[in-house]
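Chemist: Following this message is one structure expressed as structure tokens.
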Amino acid sequence: RNRCYIIFLKYNFFFKKNLYKIIAMSLKSKIEIDYQNSLKSKDKIKISTYRLILSSIKDLEILNRSGSNKKETNDKDIIQLIKKMIKQRNESIDIYKKNNRHDLLEVEEKEVATLSTYLPKQLSDNETMDVCKQAINELGAQSIKDMGKVMGVLKKNYSDSLDFSKAGAILKEILNKK
């Protein structure tokens, strides 16, 4: 499913009427436009981040075109790619914090901020806690052995809006107490 962004293009004709056009735009197109804007604003960190995103998208498109399962790259694939990139950046942030590398830490944090603008809104910590408790109660999970079942339900219902690393930690904490 493509996300739709509304762009208003204004045309003045003979009668001085304003006509507006609505254009459906894919996530890749939005990233390309944002890349062009960052080139104009000369923001070096955003430029490098957008280049990384676009090169990763091209790699994904090549991977999807080749092989036995040929398919078109869609917005859902791009979102999964961006989630993977954010996860990599978060791991780097943890390492940089441990080693007191504040210069690299700032760059990674800015990259995460840029990448996360293309993801659907994530649930807050409190909302994640509530969702986890609700899933545990629905399944009647009693021990850490039931964590896989609970995670399966969460992935089925909240695949786009839930940070599963946080959810996993919350589930371990709750199920260990039982």
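Chemist: Short version: what are the Cα gyration tensor semi-axes of the chain, square root of 5 times each eigenvalue, largest first, in whole Å?
Modeler: 37, 23, 18
Chemist: May I ask for the angle, rounded to the nearest 10°, between helix 27-41 and the longest principal axis of the chain, with both axes built from Cα atoms and the value confined to 0 to 90°?
Modeler: Here the helix axis deviates by roughly 70 degrees.
Chemist: Could you put Thr117, Thr128 in order of accessible surface area, largest first, with the 1.4 Å probe and the full protein assembly present?
Modeler: Thr117, Thr128
Chemist: Calculate how steeply helix 147-158 sits against the longest principal axis of the alpha-carbon atoms of the chain, using the helix alpha-carbon long axis, and give the answer as 0 to 90 degrees to the nearest 10.
Modeler: On a 0 to 90 degree scale, this one is about 20.
Chemist: At a 1.4 Å probe, what is the % contribution of carbon and sulfur to the accessible area of the chain?
Modeler: 53
Chemist: Related question: Of Lys28/Lys71; Lys42/Lys70; Lys98/Lys156; Lys133/Lys155, which pairs sit farther than 26 Å apart, going by alpha carbon to alpha carbon?
Modeler: Lys42/Lys70; Lys98/Lys156
Chemist: Could you work out how far the C-alpha centroid of the range 36-51 sits from that of the range 134-178, in angstrom?
Modeler: If you average the Cα positions of each part, the centres end up 39 Å apart.
Chemist: Where only protein heavy atoms count, and the probe is 1.4 Å, what is the accessible area per residue for the chain in Å²?
Modeler: 70
Chemist: Pull out the extension gain between Ser41 and Asp103, defined as 0.36 nm times the separation in residues minus the alpha carbon to alpha carbon distance; nm, one decimal.
Modeler: Gain on extension, Ser41 to Asp103, equals 20.1 nm.
Chemist: When only C-alpha pairs under 8 Å and at least 6 residues apart count, what is the relative contact order of the chain, in percent?
Modeler: That works out to 15 percent.
Chemist: For the range 64-136, which GluC sites (Glu not before Pro) are in a loop by DSSP, counting at most 12 other Cβ atoms within 10 Å?
Modeler: Here the sparse-neighbourhood loop sites are Glu72.
The values are calculated or read from the model by the stated rules, or taken from the named source; none is laboratory data. Note that this is a predicted model, so its numbers are computed, not measured. With ideal geometry, Cβ positions are generated from the backbone for all residues, glycine too; neighbour counts draw on all protein chains shown. Ligands, DNA and RNA are excluded from the accessible area calculation, which covers all protein heavy atoms including side chains. Shrake-Rupley method; radii C 1.70, N 1.55, O 1.52, S 1.80 Å.
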